[in-house]
1. Could you identify the single residue in Asn144, Asn131 that is more than 22 Å from Cys13 (Cβ to Cβ) and surrounded by 16 or more Cβ atoms within 10 Å (Cβ to Cβ)?
2. Do the conditions hold for Ser107, that is, is it under 24 Å from Ile248 (Cα atoms), among the polar types (S, T, N, Q) and touching a strand residue (DSSP E or B) at 6+ places or on another chain (Cβ under 6 Å)?
3. Evaluate the stretch 26-39: report whether one residue or more is part of a loop (DSSP other than H, G, I, E, B), among the hydrophobic types (A, V, I, L, M, F, W, C) and open to solvent by 60 Å² or more (accessible area, probe 1.4 Å).
4. Whether any residue in the stretch 137-150 is charged (D, E, K, R), farther than 23 Å from Gly244 by Cβ and outside any helix (DSSP H, G or I) is what I want to check.
5. Of everything in the stretch 151-197, what is within 15 Å of Glu118 (Cβ to Cβ), of a type outside the set (D, E, K, R) and either surrounded by fewer than 17 Cβ atoms within 10 Å (Cβ to Cβ) or modelled with pLDDT under 95 (or both)? Give them in sequence order.
6. Restricting the search to the stretch 47-97, which residues are part of a strand (DSSP E or B) and either of a type in the set (Phe, Trp, Tyr) or under 20 Å from Ser12 (Cβ atoms) (or both)?
7. Cβ-Cβ below 8 Å, separation at least six or inter-chain, first residue in the stretch 217-232 and modelled with pLDDT of 95 or more, second open to solvent by 70 Å² or more (accessible area, probe 1.4 Å): which pairs?
Amino acid sequence: YRMVLGPSMTYSCAVWKSRDTTLEAAQTEKYDLVCRKLALRPGMRMLDVGCGWGGMVQHAARHYGVKAVGVTLSAAQAEAATRTTESEGLADLVEIRIQDYRDVDGSYDAISSIGMFEHVGLARLGEYFRNLHRLLVPGGRVLNHGISSPPGRRSRFRRRGFIDRYVFPDGELHEIGSVVSRMQAAGFEVRHVESLREHYALTLREWVTNLEHHWDDAVAAAGLARARIWRLYMAGSAVNFEAGNIQIHQTLGVRADGGRSGMPLRPDW
């Protein structure tokens with residue numbers, strides 16, 4: 001994964017200030033944008049759902065002084081994230097758990113979910129947002145960052161199609177309007193929606209470049225067939241994001257407290 005994703009080990013769309021920004025700088029900007037949208041401050045308690053290799057919780061703790069919990073279903077990710085958290089001196093602020101988000105308890109001032117809800121499925125989307133609402137304190141914010149489908153497209157990858165069979169089994173994408181509706185039905189007030197479609201195309205092209213640069217090592221590690229599958233998947237996805245056949249949005253919601261949202265009059269991020 002590091003060969004493709006780079007040192008940040010971030011498997012989600014970066015945010016590019018300009019086209020000559022480096023991948024690492026763009027991934028850092030993505031994490032920081034999420035932190036700013038969540039209005040993180042020292043001492044706040046934050047949850048990252050589907051924390052991957054820990055990049056979001058580590059950034060939030062290091063730069064914003066929050067106490068962050070990251071949950072993942074992958075033992076390998078949890079082990080690696082815990083190791084880097086300890087080596088960077090963040091163990092007092094960051095906790096990594098192997099845990100389903102539905103089993104998380106307690107309360108949090110802010111919740112981020114980056115590149116995870118594509119795995120939830122339409123049938124459980126309401127349950128997903130209700131659980132996030134349950135965990136968030138009144139006045140708290142949630143930031144959902146996920147791939148979406150244009151209107152009129154089938155949300156499910158074609159059964160036994162290339163992506164469903166080899167890369168993204170059982171993945172489902174949802175039109176952004178339906179995502180907003182499900183969030184609000186769960187009790188959130190949606191305050192801001194931002195499309196990052198072109199940003200994901202740029203990110204994917206950087207990942208393809210990294211794979212090509214490390215091609216021999218990637219083939220040795222994963223085999224020729226898998227290396228070719230991922231090269232085709234990432235290149236094809238870049239083209240589809242550029243063409244508007246796939247979309248990605250950050251959706252910011254708040255659990256309003258008696259009508260008090262705590263939001264600024266205009267976006268300050």
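The values are calculated or read from the model by the stated rules, or taken from the named source; none is laboratory data. Note that the coordinates shown come from a computational prediction; the quantities given were computed from them, not determined experimentally. No Cβ is skipped: glycine too gets one built from the backbone with ideal geometry, and neighbour counts run over all protein chains shown. Just the protein is used for accessible areas: all its heavy atoms, side chains included, with ligands, DNA and RNA removed. Shrake-Rupley method; radii C 1.70, N 1.55, O 1.52, S 1.80 Å.
1. Details: Asn144 fails: more than 22 Å from Cys13 (Cβ to Cβ).
None of the other options fit; the residue is Asn131.
2. Numbers: under 24 Å from Ile248 (Cα atoms): no; among the polar types (S, T, N, Q): yes; touching a strand residue (DSSP E or B) at 6+ places or on another chain (Cβ under 6 Å): yes.
So Ser107 fails the test.
3. In the first step, residues of the stretch 26-39 are kept if they are part of a loop (DSSP other than H, G, I, E, B); the result is 38-39.
In the following step, the residues that additionally are among the hydrophobic types (A, V, I, L, M, F, W, C) were identified as 38-39.
Those still in the list that are open to solvent by 60 Å² or more (accessible area, probe 1.4 Å) too: none.
No, the stretch 26-39 has no match at all.
4. Step one: of the stretch 137-150, the residues charged (D, E, K, R) are 141.
Keeping just the survivors that are farther than 23 Å from Gly244 by Cβ gives 141.
Those still in the list that are outside any helix (DSSP H, G or I) too: 141.
Yes, the stretch 137-150 contains at least one residue that is charged (D, E, K, R), farther than 23 Å from Gly244 by Cβ and outside any helix (DSSP H, G or I).
5. Ser155, Phe157, Ile163, Val167, Phe168, Pro169, Gly171, Leu173, His174, Ser178
6. Initial filter on the stretch 47-97 (part of a strand (DSSP E or B)): 47-49, 67-72, 94-97.
Correct list: Leu47, Asp48, Val49, Ala68, Val69, Gly70, Val71, Thr72, Val94, Ile96, Arg97.
7. Ile229/Tyr166; Arg231/Glu212; Leu232/Phe162
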